[in-house]
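Chemist: What follows is a structure written as structure tokens; I'll ask about it next.
The values are calculated or read from the model by the stated rules, or taken from the named source; none is laboratory data. Because the structure is predicted, anything quoted here is derived from the model rather than measured. Every residue, glycine as well, gets a Cβ built from its backbone with ideal geometry; the counts of neighbours run over all protein chains shown.
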């Protein structure tokens, strides 16, 4: 029987690609003698976001999360002016900002929102809905929870602005069932917004009618999938729908619907107020803006922090978490985007940037921005086995590759943990994963 060591399995599963190194462009410079030489362009160092540029300033709920505290931090400022500029202006501003979905997929938000406004959409008399996915169930992820708890008015105002962009009549905020305090804070924020005239008929005095509702989940991870979430709101079992039709055509209650992440929607009002160029000034091209990162595991100070996109992973950990427990040399590997993305080894971690493209080149992903740090005391086999157990338990059982594949992956990982596995089962796991994701 063969039991691979933690380090050998990690290195077998992760490829330290040279493509993961930050891109450095080059340009030709003409010498006085007519010769061309190659010089590196200055490399910009990302990170070190200034406090005045942070969008989420009450992430730890240290200040008043009510409407007075929110207004003191800039929320609900000139919201009426934003609404009066109309749907086309809002969508174009979001497109120009480069904002991409913060829930994991990274789809361009402005483009996604524009799907609701097809040509001659006014002829369709069905109601239109915005659904907020606050069913944060990915292991290691807790960024949206801090928004719901500490900055709920940013989300409510974001619903209003995004709803106006899509010409929606209402928003449904689907909150994970375990988030009791968070749901209470969101409901309080909704009540305060109605009382202040920011929601309901003639929202903010703009002539636009918009309502916001809270729907509590029941703890099912599968309801984080957008169509399963819609099914759950409708009172059905939370199982994904077949697509097409897509939610923008047939969504909640059979009406046009867009499902968006909490963080994605919450940043929209600030982008509209401060301008798309301001937001696009952070991060690299195609990876613009700021991002909430939740950093957990073997670091000295686990935290949730807002930083610039494209900040080096090593700098993110050392700047905000006091470094890896026992020092950087004690690092084994890092999961950079929640449990659903691959582990990357130490040598890649030292070079990779925290954005969509750099992590994709490193054969992993940004995901939700949940950074799970593992030092050399970690049994990587046992850690992955725990994730396998989670996905087996949370599979809704609707599709055969997931229902059967997660069960067999769990069995193989258990054999590895117990020392009863064969070396060839590593390749079987990789093959099983490729089948499950196609």
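Chemist: Of all the residues that make up region 248-283, how many are closer than 20 Å to residue 114 by Cβ and assigned to a loop (DSSP other than H, G, I, E, B)?
Modeler: 8
Residues are listed down the side, and each one gets a yes or a no for (1) closer than 14 Å to residue 161 by Cβ; (2) part of a helix (DSSP H, G or I):
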{"position": "45", "(1), (2)": "no, no"}
{"position": "60", "(1), (2)": "no, no"}
{"position": "75", "(1), (2)": "yes, no"}
{"position": "80", "(1), (2)": "yes, yes"}
{"position": "88", "(1), (2)": "yes, yes"}
{"position": "96", "(1), (2)": "no, yes"}
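Chemist: Please tell me if residue 213 is under 17 Å from residue 129 (Cβ atoms) and in a loop (DSSP other than H, G, I, E, B). Before the answer, list the steps.
Modeler: On the way: under 17 Å from residue 129 (Cβ atoms): yes; in a loop (DSSP other than H, G, I, E, B): no.
Taking the combined requirement at face value, the residue does not satisfy it.
Chemist: Would you be able to say whether some residue in region 165-177 is surrounded by 16 or more Cβ atoms within 10 Å (Cβ to Cβ) and assigned to a helix (DSSP H, G or I)?
Modeler: Yes, because at least one residue in region 165-177 is surrounded by 16 or more Cβ atoms within 10 Å (Cβ to Cβ) and assigned to a helix (DSSP H, G or I).
Chemist: Residue 125 passes all but one of (1) outside any loop (DSSP other than H, G, I, E, B); (2) over 24 Å from residue 372 (Cβ atoms); (3) out of contact with any strand residue (DSSP E or B) (no Cβ under 9 Å at 6 or more places or on another chain); which number fails?
Modeler: Looking at each condition in turn, residue 125 falls short on (1).
Chemist: Next question. Tell me, yes or no, whether region 415-423 has at least one residue that is outside the structural domain of residue 334 (by TED's automatic domain parsing), touching a helix residue (DSSP H, G or I) at 6+ places or on another chain (Cβ under 6 Å) and either surrounded by 19 or more Cβ atoms within 10 Å (Cβ to Cβ) or without any contact (Cβ under 8 Å) to a residue 12 or more places away in the chain (or both). Before the answer, list the steps.
Modeler: Pass one, region 415-423, residues outside the structural domain of residue 334 (by TED's automatic domain parsing): 415-423.
Cutting the leftovers down to touching a helix residue (DSSP H, G or I) at 6+ places or on another chain (Cβ under 6 Å) gives us 416-417, 421.
Subset that is either surrounded by 19 or more Cβ atoms within 10 Å (Cβ to Cβ) or without any contact (Cβ under 8 Å) to a residue 12 or more places away in the chain (or both): 416, 421.
Within region 415-423, one or more residues are outside the structural domain of residue 334 (by TED's automatic domain parsing), touching a helix residue (DSSP H, G or I) at 6+ places or on another chain (Cβ under 6 Å) and either surrounded by 19 or more Cβ atoms within 10 Å (Cβ to Cβ) or without any contact (Cβ under 8 Å) to a residue 12 or more places away in the chain (or both).
Chemist: For region 274-289, enumerate the residues that are out of contact with any helix residue (DSSP H, G or I) (no Cβ under 7 Å at 6 or more places or on another chain) and either surrounded by 17 or more Cβ atoms within 10 Å (Cβ to Cβ) or on the phi > 0 side of the Ramachandran plot (or both).
Modeler: To start, the set of residues in region 274-289 that are out of contact with any helix residue (DSSP H, G or I) (no Cβ under 7 Å at 6 or more places or on another chain) comprises 274-275, 277-278, 281-285.
The answer is 275, 282, 283, 284.
Chemist: Mind telling me which of the residues 183, 220 ends up being touching a helix residue (DSSP H, G or I) at 6+ places or on another chain (Cβ under 9 Å), modelled with pLDDT under 95 and either over 25 Å from residue 121 (Cα atoms) or buried (at least 22 other Cβ atoms within 10 Å of the Cβ) (or both)? If you could, list the steps in order and put the result at the bottom.
Modeler: Values: 183 fails: modelled with pLDDT under 95.
Sole residue among the options that is touching a helix residue (DSSP H, G or I) at 6+ places or on another chain (Cβ under 9 Å), modelled with pLDDT under 95 and either over 25 Å from residue 121 (Cα atoms) or buried (at least 22 other Cβ atoms within 10 Å of the Cβ) (or both): 220.
Table: residues versus (1) closer than 25 Å to residue 218 by Cβ; (2) part of a helix (DSSP H, G or I); (3) at pLDDT below 90.
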site	(1), (2), (3)
357	no, yes, no
393	yes, yes, no
411	no, yes, no
417	no, yes, no
427	no, yes, yes
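Chemist: Just need a number here: residues in region 290-319 that are buried (at least 23 other Cβ atoms within 10 Å of the Cβ) and over 18 Å from the mean Cα position of the chain (by Cα).
Modeler: Going through region 290-319 one residue at a time, the tally reaches 1.
Chemist: Moving on. More than 30 Å from residue 128 (Cα to Cα), assigned to a helix (DSSP H, G or I) and not assigned by TED's automatic domain parsing to the domain that holds residue 149 - does that describe any residue in region 284-299?
Modeler: No; the residues of region 284-299 include none that is more than 30 Å from residue 128 (Cα to Cα), assigned to a helix (DSSP H, G or I) and not assigned by TED's automatic domain parsing to the domain that holds residue 149.
Chemist: Test residue 385 against the stated conditions and say whether it is surrounded by 14 or more Cβ atoms within 10 Å (Cβ to Cβ), outside the structural domain of residue 145 (by TED's automatic domain parsing) and more than 30 Å from residue 286 (Cβ to Cβ).
Modeler: On the way: surrounded by 14 or more Cβ atoms within 10 Å (Cβ to Cβ): yes; outside the structural domain of residue 145 (by TED's automatic domain parsing): yes; more than 30 Å from residue 286 (Cβ to Cβ): yes.
In short, yes.
Chemist: May I pose another question? Taking region 399-414 only, how many residues are surrounded by 15 or more Cβ atoms within 10 Å (Cβ to Cβ) and either within 18 Å of residue 228 (Cα to Cα) or in contact with a strand residue (DSSP E or B) (Cβ under 9 Å, 6 or more places away or on another chain) (or both)?
Modeler: 1
Chemist: Can we say residue 104 is touching a strand residue (DSSP E or B) at 6+ places or on another chain (Cβ under 9 Å) and either in a loop (DSSP other than H, G, I, E, B) or at pLDDT 85 or above (or both)?
Modeler: On the way: touching a strand residue (DSSP E or B) at 6+ places or on another chain (Cβ under 9 Å): yes; either in a loop (DSSP other than H, G, I, E, B) or at pLDDT 85 or above (or both): yes.
Taking the combined requirement at face value, the residue satisfies it.
Chemist: Go through the residues of region 369-382 one by one and say whether even a single one is in a loop (DSSP other than H, G, I, E, B), touching a residue at least 12 places away in the same chain (Cβ under 8 Å) and within 23 Å of the chain's Cα centre (by Cα). Steps first, answer last, please.
Modeler: Applying the first criterion (in a loop (DSSP other than H, G, I, E, B)) to region 369-382 yields 369, 376-379.
From what is left, the residues that are touching a residue at least 12 places away in the same chain (Cβ under 8 Å) are 369, 376-379.
Next cut, within 23 Å of the chain's Cα centre (by Cα) only: 369.
Yes, some residue in region 369-382 is in a loop (DSSP other than H, G, I, E, B), touching a residue at least 12 places away in the same chain (Cβ under 8 Å) and within 23 Å of the chain's Cα centre (by Cα).
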